[in-house]
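The values are calculated or read from the model by the stated rules, or taken from the named source; none is laboratory data. Given the structure is predicted, the values throughout are model-derived calculations rather than measurements. Note: ideal-geometry Cβ built from the backbone for every residue, glycine included; neighbour counts use all protein chains shown.
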Amino acid sequence: MAKGSTDKTVEESRGVRQLSADPGRVDAGPVSAQAWGLYGAGEYEDALQAVRSGLEPFPDALDLRYVEGLILKQLGRQREAVGAFREALLRVDRVEDKTRAAMLRRLLVGHVNLLEQGGWNLEPETWVRI
């Protein structure tokens, strides 16, 4: 990504910070967008701060738990990352779209396995045709 577009992404993410500060908002969407934007721009500490501020009012936000795990993984904080992914796993069953829920579950289990076992090891999570 070109430097100019990275700066734009970061600035757009910071703009979302202003939107998410509105106490009348009832969804974590703006905070999630901010966290993902900062994560994508490689600003992991700022992204983590955004996630943590979003989890206070929205502790069950699956997308915030997932990106929290990814951020912590990038920061080398493996034990905390596993905890964040496990917290997300506790919320997967609340996803209405069961196909999406199954895919998210595999992603989350894969990240936990990678951090704990060194590989995705998803054979038990997938259907294997013979």
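Key figures for this structure:
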item	result
Unique residue being surrounded by 16 or more Cβ atoms within 10 Å (Cβ to Cβ), basic (K, R), without any contact (Cβ under 8 Å) to a residue 40 or more places away in the chain and not in a loop (DSSP other than H, G, I, E, B) when the list is R79, R86, R65, R52	R65
Odd one out for I71, checked against (1) of a type in the set (V, I, T); (2) surrounded by fewer than 15 Cβ atoms within 10 Å (Cβ to Cβ); (3) at pLDDT 95 or above	(2)
Hits in region 89-130 - residues which are touching a Leu at 6+ places or on another chain (Cβ under 8 Å), in contact (Cβ under 8 Å) with a residue 12 or more places away in the chain and surrounded by 10 or more Cβ atoms within 10 Å (Cβ to Cβ)	L89, R91, V92, V95, L104, R105, R106, L108, V109, G110, H111, V112
Residue within region 64-80 that is more than 10 Å from the chain's Cα centre (by Cα) and more than 21 Å from L115 (Cα to Cα) present	no
Filter result (assigned to a loop (DSSP other than H, G, I, E, B), of a type in the set (D, E) and in contact with a helix residue (DSSP H, G or I) (Cβ under 8 Å, 6 or more places away or on another chain)) within region 23-49	E43
